[in-house]
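What follows is a single structure, written as structure tokens, with notes after it.
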Amino acid sequence: MSTPELVAEPTRLRVMTAVNALGYAPNMAAKMLRTLRTEKILVTVPDISNPFFSQVIRGVEQAAQDAGYSVLLGDTRHEPEREERYGEMLRRKEADGLIFLGHRLPDSLTDMMQAQGPRAPIVNGCEFSPDLAVSSAHIDNERAAAEAMEHLYGLGHSRIGVITGPLASPISRDRLAGVHTAAGARGQDAGLRIATGDFSIESGVRETLALLDGDPSLTALFCFSDEMAMGALDALRQKGLRCPQDVSLVGFDDIRFAKHLNPALTTVAQPMEQLGQEAVRLLLDIFAGRSQDFQQVTLPHRLVVRDSTARAP
């Protein structure tokens with residue numbers, strides 16, 4: 001422990017002068033051995049190129065820095081093998097805790113979870129699943145999707161195409177449940193056409209073309225990510241269709257490009273930076289022993305209505 005008050009002031013000044021002259025820096029490896037802490041947080045993201053995740057990571061980075069932690073970032077590319085390698089980094093104590101932004105917990109961390117229970121230094125951001133039994137920060141994806149569908153139904157749309165994310169993902173399943181809840185409440189299930197994408201622009205193009213080929217009577221599309229909605233816009237242009245005059249379009253996330261599209265995109269806004277900040281706060285609670293059980297933090301979402309939706313033709 002540093003106790004400079006026990007040293008006479010002239011002596012302390014001579015020591016500090018020598019430290020500055022020599023360019024001395026503390027040996028962090030020795031400090032880690034002494035404290036058993038790395039002061040690093042490992043964050044894994046399934047697709048680092050996705051603008052949604054970049055905003056979440058910004059929130060993580062800010063909150064971690066404010067708390068005196070550095071961030072190690074791993075792009076898993078949706079590959080279980082990469083997830084496992086990053087899980088091993090936590091097991092080897094190369095980081096004090098893990099925030100994973102995907103929907104899978106590496107198998108290599110199962111025994112850590114069993115040994116430490118809810119207090120294992122692992123937190124999920126964005127992809128809430130009660131089966132994982134880890135603390136999580138997320139929005140109410142089912143409610144958010146239902147609100148997006150209610151917006152389209154309120155505009156008179158009854159033939160709606162929906163492009164989901166991978167159904168292995170809890171958020172895709174929750175959003176699809178919200179779609180069916182809204183459709184069922186209005187007796188509109190028969191008017192739904194469902195396709196499965198992967199949250200990417202390319203899948204938005206591909207699945208929109210397939211939906212329109214299968215049912216040219218569709219007057220609205222709801223995509224489970226803004227990137228897929230961007231692809232849907234491209235597909236509509238390829239088909240010679242106008243948005244929103246011929247087909248209305250709703251996305252999900254409100255990434256920073258959404259309001260700059262032509263037309264500006266109606267979308268569900270997630271508090272992306274706040275999701276990252278809350279994930280760090282949950283992890284710090286575990287570090288400090290304040291978390292005796294896993295916590296679920298549900299943050300607010302909002303539907304942002306812009307120019308890509310209009311009354312049904």
Can you find a residue in segment 292-302 that is touching a residue at least 40 places away in the same chain (Cβ under 8 Å), among the basic types (Lys, Arg) and either more than 30 Å from Ala120 (Cα to Cα) or surrounded by fewer than 18 Cβ atoms within 10 Å (Cβ to Cβ) (or both)?
no
Do you know which residues across segment 255-283 are outside any strand (DSSP E or B), of a type in the set (A, V, I, L, M, F, W, C) and either at pLDDT below 95 or within 19 Å of the chain's Cα centre (by Cα) (or both)?
Ile255, Phe257, Ala258, Met272, Leu275, Ala279, Val280, Leu282, Leu283
Has segment 63-73 got any residue that is modelled with pLDDT under 95, aliphatic (A, V, I, L, M), within 22 Å of Gly289 (Cβ to Cβ) and assigned to a helix (DSSP H, G or I)?
no
Is it the case that Thr208 is polar (S, T, N, Q), over 17 Å from the mean Cα position of the chain (by Cα) and open to solvent by less than 10 Å² (accessible area, probe 1.4 Å)?
yes
Quick one: in segment 172-205, of everything that is more than 24 Å from the chain's Cα centre (by Cα) and open to solvent by 60 Å² or more (accessible area, probe 1.4 Å), which residue is nearest to Gly251 (Cα to Cα)?
Arg193
Does any residue in segment 128-147 that is basic (Lys, Arg) come within less than 7 Å, Cβ to Cβ, of a residue that is surrounded by 18 or more Cβ atoms within 10 Å (Cβ to Cβ) six or more places away or on a different chain, and which pairs are these?
Arg143/Gly178
Only one of (1) within 23 Å of Ile171 (Cα to Cα); (2) modelled with pLDDT of 95 or more; (3) buried (at least 20 other Cβ atoms within 10 Å of the Cβ) is not met by Glu142, so which one is it?
(3)
Every listed condition ((1) touching a Pro at 6+ places or on another chain (Cβ under 8 Å); (2) in a strand (DSSP E or B)) holds for Ser172 save (2)
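Rundown of residues vs (1) surrounded by fewer than 21 Cβ atoms within 10 Å (Cβ to Cβ); (2) within 23 Å of Ser169 (Cβ to Cβ), yes/no style:
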residue	(1), (2)
Ser70	yes, no
Arg85	yes, yes
Arg92	yes, no
Asn124	no, yes
Ala133	yes, yes
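The values are calculated or read from the model by the stated rules, or taken from the named source; none is laboratory data. This structure is a prediction, so every number in the text was calculated from the model and none was measured. Every residue, glycine as well, gets a Cβ built from its backbone with ideal geometry; the counts of neighbours run over all protein chains shown. Note: areas computed on protein heavy atoms with side chains; ligands, DNA, RNA excluded. Shrake-Rupley method; radii C 1.70, N 1.55, O 1.52, S 1.80 Å.
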